[in-house]
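Chemist: Here it is, the structure, as structure tokens.
A short reminder: the numbers here are calculations on the coordinates, not readings from a lab. Source: prediction; values computed, not measured. Note: ideal-geometry Cβ built from the backbone for every residue, glycine included; neighbour counts use all protein chains shown.
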Amino acid sequence: MAPVTDLPPNNVRELSDVPSIEVISKAAIMLLSAAAERLGLADDDPDASPRRDLDEARRLITALAGLVTASAEYLGPHAGPLREGLQSVQRAFREASAVPDEPGQGPGEKFTGPVY
């Protein structure tokens, strides 16, 4: 794989040229994807996934909830799908937990409220 410095100049964007909504959305998608991986959702059998790590998933989901909640007013039409994705990983976390958290105590629920 070629180092990043070998990319043609037109493939590199200055961070100052990237709209804030794009930065926020990409960060949210990265957190959502990482949480799904840590829940084992990318594997055929999430319960047997070697990538499953509920402690890591909790942290990622909480960070995602904070980001989505804090930036909802700026996300416009992107807010709905990101909230749905967040709720999906929150529900998946609850299902994966041997002892589910009390309502309102699950990952990110201090920002979103209880997810059932």
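Chemist: Give, in nm to one decimal, the length gained when the segment between Thr69 and Ser33 is fully stretched (0.36 nm per residue of separation minus the Cα-Cα distance).
Modeler: So the chain would gain 11.2 nm between Thr69 and Ser33.
Chemist: With a sphere of radius 11 Å drawn around the Cβ of Asp53, what net charge do the other residues whose Cβ falls strictly inside it have (Lys, Arg +1; Asp, Glu -1)?
Modeler: Net local charge, Asp53 excluded: +2.
Chemist: Consider the candidate values (i) 29, 20, 10; (ii) 51, 14, 11; (iii) 21, 19, 12; state which one is semi-axes √(5λ) of the Cα gyration tensor in Å computed from the structure displayed.
Modeler: Among (i) 29, 20, 10; (ii) 51, 14, 11; (iii) 21, 19, 12, the one calculated here is (i).
Chemist: So what is the calculated 222 nm ellipticity per residue for the chain, using -39500 (n - 2.57) for each DSSP H run with n of 4 or more, over all residues, to the nearest 500 deg cm²/dmol?
Modeler: Taken over the chain, the calculation gives -18000 deg cm²/dmol.
Chemist: While we're here: Can you give the charge dipole size of region 58-97 about its Cα centre, rounded to the nearest 20 debye, using +1 on the beta carbon of Lys and Arg and -1 on the beta carbon of Asp and Glu?
Modeler: Here the size comes out at about 200 debye.
Chemist: Please report, in debye to the nearest 20, how large the charge dipole of the chain is about its Cα centre when each Lys and Arg carries +1 at its beta carbon and each Asp and Glu carries -1 there.
Modeler: 240 debye
Chemist: Choose one of Val99, Pro81, Gly113: the residue whose Cα lies farthest towards the positive end of the charge dipole of region 77-116 (beta-carbon charges +1 Lys, Arg; -1 Asp, Glu; about the Cα centre).
Modeler: Checked the options; the winner is Pro81.
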